[in-house]
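Every number in this text was worked out from the coordinates using simple rules, so none of it is lab data. These numbers come from a predicted model, not from an experiment. Glycine gets a Cβ as well: all are built from the backbone with ideal geometry, and neighbour counts include every protein chain shown.
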There are 2 protein chains.
Amino acid sequence: MAEKRKRDREATRARLLEVARLRFARDGYDAASVRDIAHDADVDATLIFRYFGSKKRLFDEATAPGQVPDDLLDGPPEELVARMLRSVVYQDWSTHGGEHPLVAMLKSAGHQDTRQRIRQEVCDTYVDALEELAEGPDRQLRAELLSAWLVGIGILRSVVATPALAEAEAADLAPHVATVATGLLGRPMSGSA
Amino acid sequence: MAEKRKRDREATRARLLEVARLRFARDGYDAASVRDIAHDADVDATLIFRYFGSKKRLFDEATAPGQVPDDLLDGPPEELVARMLRSVVYQDWSTHGGEHPLVAMLKSAGHQDTRQRIRQEVCDTYVDALEELAEGPDRQLRAELLSAWLVGIGILRSVVATPALAEAEAADLAPHVATVATGLLGRPMSGSA
DNA sequence: TCTTCAAGTCATCGAACGCTGACTTGACGG
DNA sequence: CCGTCAAGTCAGCGTTCGATGACTTGAAGA
């Protein structure tokens, strides 16, 4: 029952980062307390300050970009939107406590620098890639409009839990994804990946 | 300088509701403290509990639906989506910190019953109206997908502040609104209202 | 003018927060 | 076997949170 762990700074640090990522994603920055995180990692809360200096720096390190799978860019371009939708909506976010990171994003959006980091990541990960695919004028705007759709679908599905979207499978969305993506990007896009 | 107010229960209650709406919209439920709200209304924080019983009940009353103008349903049906977009993105919601009440409320989406109220309002105000316009199968799903787009645009514009969307005028969005709405609803839609 | 009652205030509670400095414990080298 | 030093713990500070009950104040009616 009371299995004790070896004293291992790096392992403990990594464990803290892991459970912190989970807590921040599920509850947002403010609602996730250092005591909760420490309890999840089964350590004393003060270790967080010993290892990271402050809650904010733990947050910064735990939510640093790069952990997001970048296989988005692999595969045929015409399936990019479908892959993005899978990533935003249908990926198994069990490493994030089953709750969608979008919730955490909204809950943590009160802090100005967090908003900036969200903007950075949205632009770098989604808008830029879509912009390259778009043709004609207004490419950036149309890329953002498509990103907005993906974000909106994610929120309506997993936060608001609108009835039809909540039950829809990826295949149900495919034809509509094809329609909208094709219309917005000005080139033929597939709805399934 | 020190202008004192008359003792007026109803006026004070109304003032509390007004500043509470603003605070909750701007900061979300948790981050908006009763002391802040009371300070904005220039009253003692205790009055909030005297008049509303608890912070939660103040929130419920302050964010109760019904204030949303229902001129959405007036006007030509083919301009419905454009009117909705104006309402979500370009209307002056100064009573809600400049953001659409739905976007404002999503900041408080950590609490389960708040989510349910958001769902109710999204369905009643947007999905149902759009569903009536849609043609063919999957009408509800396509109505929700269009609602998701509107919500996503509101969030990317005013919370994430994505560059192109943040600066776009309603006219810039019009052609794309027409494209997407027409594609999703299966009938010709106009992009401007 | 004086009573009365609601409008509004004050002092404070208990819990939770981030964070700190002093302490204890465990593993490894001599 | 023991000294050392880092890993980990403990008690607690200062602040803020929502909430409560006793108090003061102002205006209207007799």
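Quick notes
- Neighbourhood net charge (10 Å Cβ-Cβ; Lys/Arg +1, Asp/Glu -1) for residue B:143: -3
- Each residue of the stretch B:103-112 is assigned a 3J(HN,Hα), and the resulting list reads 5, 4, 6, 4, 5, 9, 6, x, 8, 5 Hz, derived from the Karplus form 6.51 cos²θ - 1.76 cosθ + 1.60 (θ = phi - 60°), x at Gly and Pro.
- Value of Rg to Rh for the protein assembly as shown, rounded to two decimals, is 1.00; Kirkwood radius and Rg both from alpha-carbon coordinates.
- Across the identical copies, the label point of residue A:128 (7 Å from Cα in the Cβ direction) is separated from its matches by 4.5 nm, in order from shortest.
- Nm distances between copies for residue B:7, ranked from closest, using label points 7 Å along Cα→Cβ: 6.6
- Cα-based helix-to-principal-axis angle, A:170-185 vs chain A, degrees rounded to 10: 60
- Residue of chain B nearest the B-to-A rotation axis [by Cβ], rounded angstrom distance: B:152, 1
- Within 10 Å of each Cβ in B:127-135, the average number of Cβ atoms from other chains: 1
- Other protein chain Cβ atoms within 10 Å, averaged over every residue that makes up B:174-181: 4
- Rounded to the nearest 20 debye, the dipole size of chain B about its Cα centre is 1000 debye, using +1 on the Cβ of Lys and Arg and -1 on the Cβ of Asp and Glu.
- Binning the alpha carbon pair distances of the stretch B:39-170 at 10 angstrom intervals from zero yields the distribution 11, 37, 33, 15, 5, 0, expressed in whole percent.
- A simple count of charges around residue B:123, restricted to other residues whose Cβ falls under 12 Å of its Cβ and scoring Lys, Arg +1 and Asp, Glu -1, yields -3.
- Other residues lying with their Cβ under 13 Å from the Cβ of residue B:182 contribute a combined charge of -1, Lys and Arg counting +1, Asp and Glu -1.
- Inverse of mean 1/r across different Cα pairs in the stretch B:73-148, Kirkwood, Å: 13.4
- Relative to the Cα centre, the charge distribution of the protein assembly as shown, modelled as +1 at Lys and Arg Cβ and -1 at Asp and Glu Cβ, gives a dipole magnitude of about 1980 debye.
- Between the C-alpha center of the stretch A:35-51 and that of the stretch A:118-145 there is a gap of 39 Å.
- Pairs of Lys residues in the protein assembly as shown are counted when their Cα atoms are under 22 angstrom apart and they lie 8 or more places apart or on different chains; the count is 9.
- Cα gyration tensor, the stretch A:2-62 - rounded (a/c under 1.5), prolate or oblate: prolate
- Cβ-vector label at 7 Å, residue A:76, separations to other copies in nm: 3.9
- Dipole of the stretch A:2-62, positive direction: furthest Cα of A:20, A:33, A:48, with charges on the beta-carbon: A:48
- Averaged over B:31-37, number of beta-carbon atoms from partner chains that fall within 10 Å: 1
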